[in-house]
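The values are calculated or read from the model by the stated rules, or taken from the named source; none is laboratory data. Here the structure is a predicted model, which means the values were calculated and not measured. Note: ideal-geometry Cβ built from the backbone for every residue, glycine included; neighbour counts use all protein chains shown.
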Amino acid sequence: MNSFYTNLKAKYRQWILTEGEKAIRRVEGYIGRNSLVGDTPFLTVEQFSWVPDLEAKWQVVRQELEVLLSKVDELPNFQDISKDQYAITTDNLWKTYFFYAYGVKAEGNCRQCPETARLIESIPGINLAFFPS
């Protein structure tokens, strides 16, 4: 009886994976067809009015990042924030410092890097922004 359930589970697992992949492709197609900036692999700088200001202030962003990197061991591991990442990393080397995640502002992090936060907030529709290491 146990092998019956094992076989049934394996069969439906494959079906779920196959159908899930099809659903993901349909969603990706929908997003691409309805994107305000297109779905080409590379986008041009001219498509984003906020890029020149961000590029002009890269040194300010770098200065705030350097302060964080001086205490990198205190930064959270990516997999400790997003459990899905345990599939690809379990060590303490992939650090993250979020400003926004899923549209939610990390107030404390933004206060620690106020100029970077201000630049990020100038990006229309921002819902994800972070320093990875």
Fill in the blank from the handout: Considering residues that are charged (D, E, K, R) and at pLDDT below 85, the number found within the range 68-96 is 3
Exercise for the section: Please enumerate the residues belonging to the range 68-96 that are polar (S, T, N, Q) and assigned to a helix (DSSP H, G or I). Expected result: Gln79, Gln85
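Considering the range 71-89 alone, what residues qualify as being hydroxyl-bearing (Ser, Thr, Tyr) and either under 14 Å from Phe131 (Cα atoms) or in contact with a strand residue (DSSP E or B) (Cβ under 9 Å, 6 or more places away or on another chain) (or both)?
Ser82, Thr89, listed by residue number.
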Fill in the blank from the handout: Taking the range 83-96 and keeping only residues that are surrounded by 12 or more Cβ atoms within 10 Å (Cβ to Cβ) and of a type outside the set (Val, Ile, Thr), one is left with Gln85, Tyr86, Asn92, Trp94, Lys95
Completion exercise
Screening Val27, Val61, Val37 for residues that are of a type in the set (A, V, I, L, M, F, W, C), more than 26 Å from Phe131 (Cβ to Cβ) and under 19 Å from the mean Cα position of the chain (by Cα) leaves only Val27
Handout entry: Residue match in the range 43-55 (condition: among the aromatic types (Phe, Trp, Tyr) and either assigned by TED's automatic domain parsing to the domain that holds Val27 or over 30 Å from Gly29 (Cβ atoms) (or both))
Key = no
Exercise for the section: Evaluate the following for Leu65: is it modelled with pLDDT of 95 or more and either among the aliphatic types (A, V, I, L, M) or not in a helix (DSSP H, G or I) (or both)? Expected result: yes
Problem - Which numbered condition Val72 fails, given (1) loosely packed, with under 12 Cβ neighbours inside 10 Å; (2) farther than 28 Å from Pro124 by Cβ - result: (1)
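Checking the condition free of Cβ contacts under 8 Å to residues at least 40 places away in the same chain, exposed (fewer than 10 other Cβ atoms within 10 Å of the Cβ), of a type outside the set (Val, Ile, Thr) and not in a helix (DSSP H, G or I), which residue from Leu36, Leu43 passes? It would help to see each step written out before you state the result.
Working: Leu43 fails: exposed (fewer than 10 other Cβ atoms within 10 Å of the Cβ).
After ruling out the rest, the residue left standing is Leu36.
So, of the residues in the range 97-133 that are among the small types (Gly, Ala, Ser) and assigned to a strand (DSSP E or B), which turns out to be surrounded by the fewest Cβ atoms within 10 Å (Cβ to Cβ)?
The qualifying residue surrounded by the fewest Cβ atoms within 10 Å (Cβ to Cβ) is Ala101.
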